[in-house]
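Read the structure below first, then the notes.
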Amino acid sequence: MKIAIIGAGFTGLSAAYYISQEKHKVYVFEKDQNPGGLAVGYLEKNWEWTLEKHYHHWFTNDNSILSLARKIDHKIIIKRPKTSVYVDSEIYQFDSPLHLLQFPKLKIYDRLRMAAILGSLKYNPFWQPLESIKTNEFLQNAMGKNAYQTIWEPQLHNKFGDYADDISLAWFWARINKRTAQLAYPSGGFLTFANALVKKIEENGGKFLFNTEIREIKQLKNFDKIIVTLPSFYFVKIAPQLPNVYKQNLLQLKGLGAINLILRLKKPFLPDNTYWLSICDKESPIMAIVEHTNFMDSKHYNNEHIVYLGNYVPHDHPYMKLSANELLKIYDPYLRKINPNYTLDAINYTLFKAPFAQPIIPTYYSKIIPTLETPLKNVFLANMQQVYPWDRGTNYAVELGEKIAQII
Ligand SMILES: Cc1cc2nc3c(=O)[nH]c(=O)nc-3n(C[C@H](O)[C@H](O)[C@H](O)COP(=O)(O)OP(=O)(O)OC[C@H]3O[C@@H](n4cnc5c(N)ncnc54)[C@H](O)[C@@H]3O)c2cc1C
């Protein structure tokens with residue numbers, strides 16, 4: 001069979017890898033010049049490793065992608081970086097039961113209650129009964145107002161904005177259930193790993209057409225089967241012949257875009273070696289600060305210290321229209337609040353935007369998930385909005401790619 005895959009993100013790469021092993025002819029069409037999709041990387045002068053435009057890591061139980069990396073002999077680095085929260089102008093390490101029990105901003109009763117609830121979510125294997133419950137209501141009732149308002153409410157607000165009160169507990173359960181203290185990262189960066197996959201697929205006879213945007217699915221009429229890996233609203237755009245009811249069902253699925261301002265600093269920003277800092281302050285202009293070089297060694301990046309200032313926002317949010325300079329002006333006073341010794345001693349800074357990056361998972365999401373088969377004969381949809389209950393990620397993109405390959 002001759003199979004077209006639209007998109008060389010990790011869903012498209014994984015589908016192409018598994019299908020090409022079955023000796024079918026695979027053609028991957030990608031509008032960007034590189035593979036990797038939302039996890040795509042880039043290289044600056046004198047850097048040994050590529051860096052993701054948006055921060056990325058794996059959990060050590062991300063088995064689908066880790067086993068794919070092993071299959072192609074790609075080296076994986078495993079480390080236990082520090083994760084912290086910023087509460088009332090202080091940074092507190094917050095990545096183990098012990099740190100939670102020592103957290104000074106809550107009374108011991110609230111800490112014990114939070115630990116009990118997180119523990120029960122971590123070890124409860126049944127997510128289905130949770131999908132009818134809203135995260136905000138559950139956390140407030142189960143952990144108490146203080147714990148909710150100190151840690152979780154600001155994080156939900158900063159991540160989901162106007163959707164913060166809509167998120168299903170099944171999504172929160174998945175975040176807690178899946179998280180591992182140790183994290184993994186592909187040697188050389190995600191772009192290096194994606195390029196290694198491209199090479200293997202090409203060795204299996206697959207073809208990649210980069211810088212090739214598919215504007216209408218009709219362009220691919222000579223293929224036996226087509227796999228679309230784009231977010232659903234792009235699928236609707238390139239396939240106007242889809243029935244209206246199906247289109248409406250896809251368009252009701254909501255999502256947020258992502259923006260990351262990457263600072264390349266001469267000195268670390270978080271000198272306590274925190275990799276991931278969640279900002280528990282609803283007034284903060286930044287959702288999370290991720291100091292990549294507190295996870296991977298700065299020697300791979302010419303000894304620069306790399307810091308992501310990350311936000312999720314709707315695609316029409318004012319931040320989406322700002323330049324790196326304009327955004328930095330907004331962020332700068334807050335950066336000084338977090339680290340009073342910080343001065344912008346930057347080698348450079350760069351802004352990356354992705355209009356669709358994080359699906360919104362409301363209650364009963366299982367009832368509205370699109371199927372892999374579409375109303376169009378021999379056209380399949382495999383995208384982030386079908387990942388559930390787990391939070392979308394490259395691991396699930398690989399799992400989805402493998403699933404669609406099996407169906408085909
Ligand atoms: C800020 C942020 C942080 C994240 N952190 C992590 C993390 O730590 N760990 C993790 O595993 N995952 C993380 N993710 C999620 C992960 O990046 C995604 O789940 C995964 O990359 C989705 O892969 P995909 O192939 O399904 O979609 P995409 O990556 O969106 O791929 C779709 C591809 O289609 C291409 N395309 C679009 N339109 C066309 C067209 N018309 N014609 C041809 N090509 C087209 C795009 O250029 C893109 O390459 C993060 C994402 C973001 C935004």
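All of the numbers you see were taken from the coordinates with simple rules; none came from a lab. A quick note: this is a predicted structure, and the numbers were derived from the prediction, not measured. Cβ sites come from the backbone with ideal geometry, for glycine too, and all protein chains shown count toward neighbours.
Here L169 meets the list (1) crowded, with 16+ Cβ neighbours inside 10 Å; (2) closer than 30 Å to K71 by Cα almost entirely, failing just condition (2).
Filtered by the rule that a residue be within 15 Å of I214 (Cβ to Cβ) and away from the ligand (no atom under 11 Å from the Cβ), region 1-10 gives a lone residue, I3. Within region 370-407, the set of residues being in a loop (DSSP other than H, G, I, E, B), of a type outside the set (A, V, I, L, M, F, W, C) and buried (at least 23 other Cβ atoms within 10 Å of the Cβ) comprises just one member, N383. Within region 288-297, can one find any residue that is away from the ligand (no atom under 15 Å from the Cβ), over 21 Å from the mean Cα position of the chain (by Cα) and either of a type in the set (V, I, T) or in a loop (DSSP other than H, G, I, E, B) (or both)? Checked region 288-297: at least one residue is away from the ligand (no atom under 15 Å from the Cβ), over 21 Å from the mean Cα position of the chain (by Cα) and either of a type in the set (V, I, T) or in a loop (DSSP other than H, G, I, E, B) (or both). Based on what the data block shows, is I65 closer than 30 Å to S20 by Cα, touching a residue at least 40 places away in the same chain (Cβ under 8 Å) and out of contact with any helix residue (DSSP H, G or I) (no Cβ under 9 Å at 6 or more places or on another chain)? For I65, the condition - closer than 30 Å to S20 by Cα, touching a residue at least 40 places away in the same chain (Cβ under 8 Å) and out of contact with any helix residue (DSSP H, G or I) (no Cβ under 9 Å at 6 or more places or on another chain) - is not met.
Of the residues L13, L38, the single one that is within 30 Å of W152 (Cα to Cα), of a type in the set (A, V, I, L, M, F, W, C), within 12 Å of the ligand (Cβ to nearest atom) and in contact (Cβ under 8 Å) with a residue 24 or more places away in the chain is L38.
Test K31 against the stated conditions and say whether it is in contact (Cβ under 8 Å) with a residue 12 or more places away in the chain and near the ligand (Cβ under 7 Å from one of its atoms). Considered against the rule, which asks whether it is in contact (Cβ under 8 Å) with a residue 12 or more places away in the chain and near the ligand (Cβ under 7 Å from one of its atoms), K31 comes out as yes.
If you check K122, K105, K159, which single one turns out to be touching a strand residue (DSSP E or B) at 6+ places or on another chain (Cβ under 6 Å), touching a residue at least 12 places away in the same chain (Cβ under 8 Å) and in a helix (DSSP H, G or I)?
Working: K122 fails: touching a strand residue (DSSP E or B) at 6+ places or on another chain (Cβ under 6 Å); K105 fails: in a helix (DSSP H, G or I).
Result: K159 is the single residue among K122, K105, K159 that is touching a strand residue (DSSP E or B) at 6+ places or on another chain (Cβ under 6 Å), touching a residue at least 12 places away in the same chain (Cβ under 8 Å) and in a helix (DSSP H, G or I).
For region 215-237, which positions are within 14 Å of F380 (Cβ to Cβ), surrounded by 17 or more Cβ atoms within 10 Å (Cβ to Cβ) and of a type outside the set (G, A, S)? Once the filter is applied, which keeps residues that are within 14 Å of F380 (Cβ to Cβ), surrounded by 17 or more Cβ atoms within 10 Å (Cβ to Cβ) and of a type outside the set (G, A, S), region 215-237 yields I217, L220, F223, K225, I226, I227, V228, T229, L230, F235.
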